[in-house]
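What follows is a single structure, written as structure tokens, with notes after it.
The values are calculated or read from the model by the stated rules, or taken from the named source; none is laboratory data. Being a predicted model, the structure only gives us computed values, none of them experimental. Because the Cβ atoms are built from the backbone with ideal geometry, glycine has one as well, and the counts that use them run over all protein chains shown.
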Amino acid sequence: MIKRLLFVILAFIPIFVLSACGDPVQDDLLHYINNEIKALEELETEAISEYESVIGENFVNDETTYIHIQDVVIPKYRKLIEELEEIRPETKEVREIHELYIEASNSQFNGIVTVLAAIEAQDYDKINEANQMLNEGRALMRQALNEIEDLAKEHNVTLTE
């Protein structure tokens, strides 16, 4: 399954700031989570839900999966990545986390595209390759979340569920 970083980040909303203003990283992190990432939550949720609707226990057949991924999932996920790439955090610290998130999203997108190639070629080795890309994307998303949590602690931002 594809892990949704936006959902995980937003699970910590609302965010409470414990220190005084004037910390540019703190301000940037708050803006990044509350404005930039929150705005993409629905799109990511839709893309992931659409993908999950045709895989695993929801799998019907190769043709249905292929067409749905090609016509629905890929365009939604591509739009998500395009919008992620438009986000320009102001501080180096938040920018580095954001780049990790983009890398994770691209890895997952490439995994989904590879699923299409595997179905088309009827190649089980490609499915394994796709699963590796999806796993790499999940690992990178966990890393990004951990780095957000660390940065929040470092800059006196309390993430609450």
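Of everything listed in (1) over 20 Å from N156 (Cα atoms); (2) modelled with pLDDT of 95 or more, the single unmet condition for I48 is (2). The residue that is farthest from Y32 (Cα to Cα), among those in the stretch 101-118 that are among the hydrophobic types (A, V, I, L, M, F, W, C) and surrounded by 19 or more Cβ atoms within 10 Å (Cβ to Cβ), is A118. Of the listed requirements (1) within 16 Å of the chain's Cα centre (by Cα); (2) buried (at least 16 other Cβ atoms within 10 Å of the Cβ), E85 misses just one: (2).
Only residues in the stretch 116-135 that are touching a residue at least 60 places away in the same chain (Cβ under 8 Å) count as the first member; pair them with residues that are surrounded by 13 or more Cβ atoms within 10 Å (Cβ to Cβ) and in a helix (DSSP H, G or I), Cβ under 7 angstrom, at least 6 apart or cross-chain, and list the lot. Within 7 Å, the pairs are L134/Q108; L134/G111.
Are any of the residues in the stretch 113-131 touching a His at 6+ places or on another chain (Cβ under 7 Å) and either closer than 25 Å to N146 by Cβ or not aromatic (F, W, Y) (or both)? Taking every residue of the stretch 113-131 in turn, none turns out to be touching a His at 6+ places or on another chain (Cβ under 7 Å) and either closer than 25 Å to N146 by Cβ or not aromatic (F, W, Y) (or both).
Just name the residue that is surrounded by the fewest Cβ atoms within 10 Å (Cβ to Cβ) out of those in the stretch 138-161 that are assigned to a helix (DSSP H, G or I) and aliphatic (A, V, I, L, M). Only one residue tops the list, namely A139. Is there a residue in the stretch 120-137 that is within 18 Å of L43 (Cα to Cα) and either surrounded by fewer than 18 Cβ atoms within 10 Å (Cβ to Cβ) or small (G, A, S) (or both)? Yes, the stretch 120-137 contains at least one residue that is within 18 Å of L43 (Cα to Cα) and either surrounded by fewer than 18 Cβ atoms within 10 Å (Cβ to Cβ) or small (G, A, S) (or both). Taking residues in the stretch 46-74 that are closer than 19 Å to S105 by Cβ, and partners anywhere that are surrounded by 18 or more Cβ atoms within 10 Å (Cβ to Cβ) and of a type in the set (D, E), the pairs with Cβ atoms closer than 6 Å and at least 6 places apart or on different chains are V72/E50; V73/E50.
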